[in-house]
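All remarks here apply to the structure that follows.
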Amino acid sequence: MTDAYKREELLICLVARLLAGVRYVAIGALSPIPGAAALLTQAISHDRVRVSFLHGRHNQFTDGGRELFDAAAQGRIDAFFLGGVQIDGQANINLVGPGPYPKTTRRFSGSFGSALIYYVVPRVILFREEHSPRTLVKQVDFISAPGVSPPAVYRPGGPTALVTNLAHFSFDRSRARFRLASVHPDHAAAEVRDQTGFDFDCPSEVLTTPAPEPDRLALLRGPIAERMAELYPEFHARVFAAA
Amino acid sequence: MSAELKTVSIEDLISEISDGCLLGITNELGGVSMAATRALIRRGVRDLRLFCLPTSSLQADLLIGAGCVAEIDTSAVTLNEFGLAPRFVSAVQEGTITVHDSTCPAMHAMLQAAEKGVPFMPLRGLIGSDILRHRPDWKVIDNPFAAGGDPIVLLPAVAPDIALMHAPMADRDGNIYIGRRREMATLAHAAKRVLFTVERIHSGSLFDDEALATGALSGLYVHAIAEAPRGAWPLVLGGEYETDSLHMHRYVQMAATPEGFAAYLNAFVFNHAAAAE
């Protein structure tokens, strides 16, 4: 990795490209990189993009915790980020834990709102920094929410991409299959193959994830870093404050 | 309408919560009565069935670690930025509690059915998930208003035996200020009995001031109130105080082992004076 920018900044600018065209994006409490990417998207759009942070006093919901889910179910939210203890090749996500349910070998928090959000938000970006055979698996041990559904099931939304520390995949819903879209600088397609537990499509010529655009990096380190200090203080201290 | 609100002690407040109670609680985006939670542990309540709107953090972890919980219906238990909930994780892996894994909007919807007095609420999503597969009490029907071929999940109404929450203030008539955290109203409307701890008593009526009235829960739904200044500590109470991060870090360290957790209970739950109340 070059010294010109940090790994987090590369990911933020990549995710911001994946958000192009959205009007309304909602962001969870433990998602600083998607959060920064949403703020960057908002800045580029001259504030036409609306961003709701679900945590903290500045969220704009006034009808309690259900408002986000009601808005999502109505199709008002264009993009959302989900992760997973495990993600498999059909984009099924497991937020409960690996191993046989219910005891699991390591229990995690739970499925949160994924079992609705994943179906109804048109552009769900899977974001999981750890890229390893234990996180990207052939088949998840518990389906918190499935990657695709049979045609009869009401499903206007679903996954469009997967972003990790190594690479960016696009997801083809009709084939229920990931395709390697780009590999981050200083990594190689072979490494991605080694570290991925599921099979995926790979173009003959693999692109490298573009470096952050200079104007976006400037926005990120300026006004967006300021807002990140309040929204995600620990992330801000680690990524922006030391610079 | 009395000149002064009759409050009860925290011990009297929780005396209604008996072993096996289906207890409705919110996460800290609403108000969590940690003061009453510690009192429940001191009293030694057993076999609680927690219904979390829609998740829980330290409250569930403490109750589970102290052996007070038989079952939990929730979409997550997590200490959020402080990490996984150590006693919850341990209890699930050892099989000492039963978890009914859910999803956030389902927790809201089951209470919404109860507050409307209808037997069920439909919800999109869920079909094809293992959440639904492990929920024999949730049904899939064909949408009767469509021409056919539109499966949708029905969730049963849930009316918790008791809802336990914490809020900034109660007024002299027993109305509670909950602000914009309307899920507290949903839970109160759905539950059979509603218990509140509050930071303080407001001398007038919340309904005298339109700005306060918009954030009020009518006393119609409230059965008992205890005063508990800093009663959500060490969790946040919106508009009042922030999470005690130092304490939460300390909890995470201590609760990593059963011995450390026992020491935590001794220091901050059984030793009444050490806790904020």
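Read the figures in this text as sums done on the coordinates, not as results from a lab. Bear in mind that the values here come from a model prediction, so they are computed numbers and not experimental data. No Cβ is skipped: glycine too gets one built from the backbone with ideal geometry, and neighbour counts run over all protein chains shown.
Under a model in which nothing but the beta-carbon of Lys, Arg (+1) and Asp, Glu (-1) is charged, chain A shows a dipole of about 580 debye around its Cα centre. Across all directions, the shadow cast by the convex hull of segment A:30-175 built on its C-alpha atoms averages 9.8 square nanometres.
The H on the amide N of residue B:193, modeled in the peptide plane, is under 5 Å from the matching H of B:162, B:163, each at least 5 residues off or on a different chain.
Dividing the convex hull volume of the Cα atoms of segment B:22-108 by its residue count, what figure in Å³ per residue is obtained? Provide the component values of the computation, followed by the final result.
Details: hull volume 7.5 nm³, N = 87.
Cα convex hull per residue, to the nearest whole number: 86 Å³.
The mean sequence distance of close C-alpha pairs (under 8 Å, at least 6 residues apart), as a share of the length of chain B, puts its relative contact order at 21 percent. Straight-line cross-link partners of residue B:139 among the lysines, defined as a Cα under 25 Å from its Cα and at least 8 positions apart when in the same chain: A:103, B:116, B:192. Express the Stokes-Einstein translational diffusion coefficient of segment B:93-137 in µm² s⁻¹, to the nearest whole number, given a Kirkwood radius over alpha-carbon pairs, 20 °C and a viscosity of 1.002 mPa s. Calculated translational D: 178 µm²/s. Between amide H atoms placed 1.01 Å from N, distances below 5 Å from residue B:48 occur with B:20, B:69, B:70, all of them 5 or more places distant or on a separate chain.
Using Cβ point charges alone (K and R +1, D and E -1), the dipole size of segment B:166-250 about the Cα centre works out to roughly 380 debye. Across chain B, counting alpha-carbon atoms alone, Rg and Dmax equal 19.1, 64 Å. Note on segment B:1-160: Cα convex hull, mean projected area over all directions, 12.2 nm². With a bin width of 5 angstrom, please list the P(r) values of segment A:116-243 as percents of all Cα-Cα pairs, from the 0 bin to the one holding the largest distance. Per 5 Å bin, starting at zero, the Cα-Cα P(r) for segment A:116-243 comes out as 2, 9, 15, 17, 17, 15, 14, 8, 2, 0, 0 percent.
Simple point charges give the picture: +1 on the Cβ of Lys and Arg, -1 on the Cβ of Asp and Glu, and for the protein assembly as shown a dipole about the Cα centre of about 860 debye.
When you look at the Cβ of every residue in A:141-147, what mean number of other chain Cβ atoms sits within 10 Å?
5
Working note: Karplus 6.51/-1.76/1.60 with θ = phi - 60° gives segment B:186-191 the couplings 4, 5, 5, 5, 7, 7 Hz, where Gly and Pro are set to x.
Above 20 Å, the calculated P(r) of segment A:150-213 contains 32 percent of its Cα-Cα pairs.
Using the Karplus relation 6.51 cos²θ - 1.76 cosθ + 1.60 with θ = phi - 60°, the per-residue 3J(HN,Hα) values for segment B:57-72 come to 10, 4, 4, 5, 4, 5, 5, 5, x, 7, x, 8, 10, 9, 9, 9 Hz, with x marking Gly and Pro. The relative contact order of chain A, computed from alpha carbon pairs under 8 Å that lie at least 6 residues apart in sequence, is 19 percent. DSSP finds beta bridges in the protein assembly as shown, and of those with both partners inside it, around 35 percent are antiparallel. Indicate, rounded to the nearest 5 percent, the antiparallel portion of the DSSP beta bridges found entirely in chain B. The antiparallel proportion sits near 35 percent. For residue B:6, the aspartates and glutamates whose Cα falls under 14 Å of its own Cα, not counting residues fewer than eight places away in the same chain, are B:171, B:173, B:227. Seen from residue B:265, the other residues with C-beta closer than 10 Å to its C-beta sum to a net charge of +2, counting Lys and Arg as +1 and Asp and Glu as -1.
Restricting to Cα atoms and excluding each atom paired with itself, what does the Kirkwood estimate give for the protein assembly as shown in Å? Can you show the working numbers first?
Details: mean 1/r = 0.0416 Å⁻¹.
It works out to 24.0 Å.
Can you pull a Stokes-Einstein diffusion coefficient for segment A:1-115 at 37 °C (0.692 mPa s), Rh from Kirkwood over Cα pairs, as a whole number of µm²/s? Translational D for this selection: 206 µm²/s. Along the charge dipole of chain B, which of B:104, B:83, B:140 sits closest to the positive end, that is, farthest toward it, with unit charges on the beta carbon of Lys, Arg, Asp and Glu (+1, +1, -1, -1)? Checked the options; the winner is B:140.
For segment B:227-272, the percent of C-alpha pairs falling in each 5 Å distance bin, counted from 0 to the bin holding the largest distance, reads 6, 20, 22, 24, 16, 9, 2, 0.
If the cut-off is 20 Å between C-alpha atoms, which aspartates and glutamates fall inside it for residue A:138, apart from same-chain ones fewer than 8 positions away? Within the straight-line limit of under 20 Å, residue A:138 reaches these aspartates and glutamates: A:88, A:129, A:130, A:172, A:191, A:194, A:199, A:201, B:130.
So if I average 1/r over every pair of distinct C-alpha atoms in segment A:89-176 and take the inverse, what Kirkwood radius in Å does that give? Walk me through the intermediate numbers first.
Values: mean 1/r = 0.0737 Å⁻¹.
Kirkwood hydrodynamic radius for segment A:89-176: 13.6 Å.
Over all orientations, segment A:37-90 has a Cα convex hull whose mean projected area works out to 5.6 square nanometres. Rg/Rh for segment B:89-197 (Cα atoms only, Rh after Kirkwood) is 1.06.
Relative to the 2.2 N^0.38 Å rule of thumb, segment B:145-277 has a C-alpha radius of gyration ratio of 1.37.
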